[in-house]
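Notes follow once the structure below has been shown.
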Amino acid sequence: MLPYLISGILIAVGIIFPLIVPIYARTNPTLGGIPFFYWYQMLWVFIDAGLLWIVYAIIRREDDRRRAAVARPIVSDSAAGAEADK
Amino acid sequence: MSIITLLSQAATPTKPIDGVALAVVIAIFVLVTVLGFLSARWRTTPAERGMRSLDQWGLGGRGFGNWITWFLLGGDLYTAYTFIAVPAAIWSTGAVSGFFAVPYTVVLYPIVFVLMARLWSVSHRHGFVTPADFVGGRYGSKALTTAIAITGIVATMPYIALQLVGLKSVLTVLGLGSGTNAFLADLPLIIAFVILAAYTYTAGLRAPASIAVVKDLLIYIAVVVAIVYLPAHFGGWGGIFDAATTKMATINPATKTAVGAIIPGATSFNAYWTLALGSAMALFMYPHSITGVLATKSRNTIRRNAVVLPLYSLMLGFLALLGYVAIKAGTMPVGLDGKINPQLVVPQLFLDNFPSWFAGIALAAIAVGALVPAAIMSIAASNLFTRNIYRDLIKPGATPAQEARVSKITSLVVKFGALLFVLVMDQSAAINMQLLGGIWILQTFPSIVAGLYTRWFHRWALLAGWAAGILYGTWAAYNVVNPATNAHFGGSIAVIPFTNIPVYIAITAFVINAVVSVVLTLIFKAAKVRNGIDRTTASDYGADENDPTVATLEEEVSWVDPEPDRRAV
């Protein structure tokens, strides 16, 4: 469960923080003349990409582990899928 | 280049034609046309030629890998209209109505990452081509499937029309598209669209996929050069934002308030984040986005793409800031009728400040950027019609070849419908319809997304929730009156009923939709109303490319177990 919990938290961070307008609706500090409002939101492009990259690595490992853990006679694939879903 | 002389007859003397820029645009247009037709033979075996199934024509053979998907979805989601409308909104009223597109396309990807791998898996397993196919398989309700399909088609049509609006603004800046003869005036637009319709008919989804590569590269070049050169040329970002602040502080005579704001005030915070969140939730409910997802090769292709697609959002952010650059640059986006048209601001900025050949590349990138999503949208709408109206309601036994034929013909009808929309009706009609489309498409979210995780909801409850959301959304949008023109459908922000908090209408409608769905599910379950057959199983939602599909499994086991599959109730 732990890998999914961590992934869930990272994804929630990636959705919630770019949407809390009061923390970034300000001019200062500016970056190269661009107000904070603008560069903060564009910064989240990189942060979200990084978060999703981490989540992808976590989920990928967990999926592989679960698939490998399931025995493989006859209906192995669907059983692995079912297991990966829990 | 005799075509230039032909096209130039369509121009007015008020707007001189830049011959070099026009020649570059035409050359790139010819290049993508050739590419579009050649795509019919791209990654196909001789047996697959002729696109005789929806998997081939409508989903490009379901085999796009990481790179192609990145270009395809980039070209699909970041449309020409976005490139035109976002800087236009920034140029005219500042942050709230335009820059929300950046947080919108940032929070989009965590949502896509979570949802779309499951949709891919279940669709791969069952051969689903459209979101309504999935809803049909999950809930076994023709009424619900039809509602989802029609919502998708109706929401997509004005979106295609808006791509034409984007294309038209490029042609206008080039000096084409006006004049005394009404037919000649629209001739360039008509030519572009007829060619688009022809190669989409021939090559299906492969055409926009290959063209998207060219278009995305061009647009990246144009934006990077503009963002490096223009701010320095106009004295840096500090001066640009000073000029923008001055413009936004002027008083609008119609509303007696400032025309806009660089930094949104506290009263528009809720509008800002609900616009971003609602648009992000809605985008992957649009059929053209789901078409892009289902065309990928494996379960994780879309997840890997969710990591790298945000690069387009960064580009969109810079493009949005070009709206402010244009204020400082004193760009005058004057249409052929002599009136100010904010949508011309970015094409005009490029034409004013760069050599003609480079402006030509930038304008061509935007023009081709209209063709790619228009092609994918028309394919997606045709697939919906074919699978969920023609096959589900009219001809249940349709073969894959018949489906492909119906879909190809429908794609022509859809495109000419959109063309008529733009030629005959006022441009604002397309914009209003697209605004409504965004509200409507979000009302399919509970059926599609909840269905990916649980079968708890009752099919009639979801249908009732959908209807409630659509009704409220339409009514609320109708009641938004533009203060300057007194026209209805004046925007997409309205107060939550019984409060004074202004938010994006789609979000309020979505909450109403969800509440109705939950309450009615409890009631219908208590009353033991029949709840349809679920053809999917839990394992379908985790399947990957090498796992057998239901079609092959049924072939294998049919001699053992001739009973039809009735797993869930």
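Read-outs: derived from the displayed coordinates by stated rules, not from any lab. As the structure is a computational prediction, the values presented were derived from the model and not from experiment. We place every Cβ from the backbone using ideal geometry, glycine too, and count neighbours over all the protein chains shown.
Counting alpha carbon pairs within less than 8 Å and at least 6 residues apart, what relative contact order, in whole percent, applies to chain B? Before the final figure, lay out the partial values.
On the way: 958 pairs, mean separation 160.1, N = 569.
28 percent.
Per residue of chain B, what 222 nm ellipticity follows from adding -39500 (n - 2.57) for every DSSP H run with n ≥ 4, rounded to the nearest 500? Walk me through the numbers before you get to the answer.
On the way: 23 runs with 373 residues, N = 569.
Roughly -22000 deg cm²/dmol at 222 nm, from the helical runs in chain B.
Quick one: angle between helix B:269-283 and the longest Cα principal axis of chain B, in degrees between 0 and 90, rounded to 10, please.
Between the helix axis and the principal axis of chain B, the angle is about 50 degrees.
What number, in percent, do you get for the relative contact order of segment B:101-213 if the mean sequence gap of Cα pairs under 8 Å and at least 6 apart is divided by its residue count? Could you put the intermediate results ahead of the total?
Details: 41 pairs, mean separation 11.1, N = 113.
Worked out over segment B:101-213, it gives 10 percent.
How large is ³J(HN,Hα) for each residue in segment B:193-204, as worked out from phi by the Karplus curve 6.51 cos²θ - 1.76 cosθ + 1.60 (θ = phi - 60°), to whole Hz, x for Gly and Pro?
For segment B:193-204, the Karplus-derived couplings read 6, 5, 5, 4, 4, 5, 7, 5, 4, 6, 10, x Hz, x marking Gly and Pro.
Over all residues in B:494-504, what is the mean tally of Cβ atoms on other chains that come within 10 Å of each residue's Cβ? Write down the numbers at each step before the final one.
Numbers: counts 0, 0, 0, 0, 0, 0, 0, 0, 0, 0, 0.
Average per residue, whole number: 0.
Return the lysines within reach of B:Lys256: Cα separation strictly under 18 angstrom, same-chain partners fewer than 8 residues apart disregarded; answer none if there are no such residues.
Cross-link targets: B:Lys247.
Using the basic label-point model (7 angstrom from Cα toward the beta carbon), what is the A:Ile23 to B:Arg43 distance in nanometres?
3.9
Relative contact order for segment A:12-66: what is it in percent, counting Cα pairs under 8 Å that are at least 6 residues apart?
Values: 22 pairs, mean separation 14.4, N = 55.
After rounding, I find 26 percent.
Contour minus end-to-end for B:Ala23 and B:Ala527, with contour as 0.36 nm per residue of separation and end-to-end as the Cα-Cα distance? Numbers along the way, then the final one.
Details: separation 504, 0.36 × 504 = 181.44 nm, distance 6.87 nm.
Here the segment from B:Ala23 to B:Ala527 would lengthen by 174.6 nm.
How crowded by other chains is A:18-24, given as the mean number of beta carbons from other chains within 10 Å of each beta carbon? All intermediate terms of the calculation are to be shown ahead of the outcome.
Numbers: counts 10, 12, 3, 12, 3, 0, 3.
Taking the mean over all residues of the peptide, I get 6.
Per-residue HN-Hα couplings for segment B:147-160, Karplus 6.51 cos²θ - 1.76 cosθ + 1.60 at θ = phi - 60°, whole Hz, x for Gly and Pro?
4, 5, 5, 5, 4, x, 5, 5, 6, 7, 3, x, 5, 5
How would segment B:219-352 be classified by its alpha-carbon gyration tensor: rounded, prolate or oblate, with rounded meaning a/c under 1.5 and the a/b versus b/c comparison settling the rest?
On the way: a/c = 2.04, a/b = 1.54, b/c = 1.32.
In terms of gyration-tensor shape, prolate.
Give me the lysines in straight-line cross-link reach of B:Lys415: C-alpha distance below 23 Å, same-chain residues under 8 apart excluded.
B:Lys168, B:Lys215
Gain in length, B:Ala266 to B:Tyr229, computed as 0.36 nm per residue apart minus the alpha-carbon separation, to one decimal in nm? Present the calculation step by step, with values, prior to reporting the outcome.
Details: separation 37, 0.36 × 37 = 13.32 nm, distance 3.42 nm.
Using 0.36 nm per residue and subtracting the Cα-Cα distance, I get 9.9 nm.
Could you give each residue of segment B:380-395 its phi-based ³J(HN,Hα) in whole Hz, using Karplus coefficients 6.51, -1.76, 1.60 with θ = phi - 60°, and x for Gly or Pro?
5, 5, 5, 4, 4, 4, 5, 6, 9, 10, 5, 6, 6, 10, 9, 9
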